[in-house]
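Below: one structure, written as structure tokens.
Every read-out reported here was derived from the displayed coordinates using simple, explicitly stated rules and does not represent laboratory data. As the structure is a prediction and not an experimental result, all values here were calculated from the model. Here the Cβ is made from the backbone with ideal geometry for all residues, glycine too, and neighbour counts use every protein chain on show.
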Amino acid sequence: MKVVILAGGFGTRLSEYTDTIPKPMVPIGNKPMIEHIMEIYSGYGHKDFYIALGYKGEIIEKYFKNFKGDWNINLIDTGSDTLTGGRLKRLEQYLNKEDFLLTYGDGLADININNLIKFHEEHGKLVTISAVRPPTRFGSLSLKGSEVIKFKEKTQLGESWINGGFFVVKPKFLNFLENDQTILESGPLEKVTHLKEIKAFKHEGFWQCMDHKLDKDLLDKMIKEKRAPWVK
């Protein structure tokens, strides 16, 4: 299954690093965040990557130019000012035939990718979103069982499940994306929620987003102390 990584944002809340490099290239231990993410998928046999580039994308291109390994890495420039849904829309020509995996370039988890896919295939909806339980900072989910009742980006609803950023998506979902200014987390995901075409895979294990320097420091410490749950 193809793996899409959205890696083009400005990462302004991590400006200590992102003034000079894109957020997915911020090092965690001895390798960039994006490589850690790719290793999560590769560990479950998913090695066909489509990386949506934007801000300082040439740095990611340079890193992977002579990358050694059995990964198939496709680096696609999706524009410096394109928003998350627009980046995915620009990859439509690569993704219009089969379900695909989707994630951001700044989150790590010990999530079982193949169990995520199995759950997606069993319920048959357009989108599977991962639901996690860290301190609420991002897209809040209202759940009834695995059914997503409400999706709100960056709004605290006083509930315990949030968007973990590991998705499985049917290509028909791409029809909900309009142009470069489409924000994946507002219009499109809210629409499929209204249509009851989204289900949540509850991940009770480790999840950590690298949004601020404190997050990076925590992940670095986990690597140093050899207690990084996402590392197999």
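Listed values, structure above:
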{"quantity": "Charge context of VAL192, other residues only, Cβ under 13 angstrom, K/R +1, D/E -1", "calculated": "+3"}
{"quantity": "Taking N as its residue count, the alpha carbon Rg of segment 2-224 over 2.2 N^0.38 Å", "calculated": "0.95"}
{"quantity": "Length added when fully stretched, ASP19-LYS97, from 0.36 nm per residue minus Cα-Cα", "calculated": "24.3 nm"}
{"quantity": "Greater than 32 Å apart at Cα, pairs in LYS89/LYS213; LYS196/LYS221; LYS97/LYS221; LYS23/LYS202", "calculated": "LYS196/LYS221; LYS97/LYS221"}
{"quantity": "Contact order relative to length of the chain, as percent, for alpha carbon pairs under 8 angstrom and 6 or more apart", "calculated": "24"}
{"quantity": "Length released on extending from ASN114 to ARG227, taking residue separation times 0.36 nm less the Cα-Cα span", "calculated": "38.4 nm"}
{"quantity": "Antiparallel DSSP beta bridges within the chain, as percent of all bridges there, nearest 5", "calculated": "50"}
{"quantity": "Cα centre as origin, Lys/Arg/Asp/Glu Cβ charges: segment 2-224 dipole, Debye", "calculated": "260"}
{"quantity": "Residue-count net charge about ARG90 - beta-carbon cut-off 15 Å; Lys, Arg +1, Asp, Glu -1", "calculated": "-2"}
{"quantity": "Cβ-derived FRET efficiency at R0 22 Å, GLU178 paired with SER146, nearest 0.05", "calculated": "0.20"}
{"quantity": "Residue-count net charge about GLU16 - beta-carbon cut-off 9 Å; Lys, Arg +1, Asp, Glu -1", "calculated": "+1"}
{"quantity": "PHE206 versus ASP220: modelled label distance in nm, points set 7 Å from Cα along the beta carbon direction", "calculated": "1.8"}
{"quantity": "Positive dipole terminus of the chain, leading residue within ILE73, ILE5, CYS209 (C-beta point charges)", "calculated": "CYS209"}
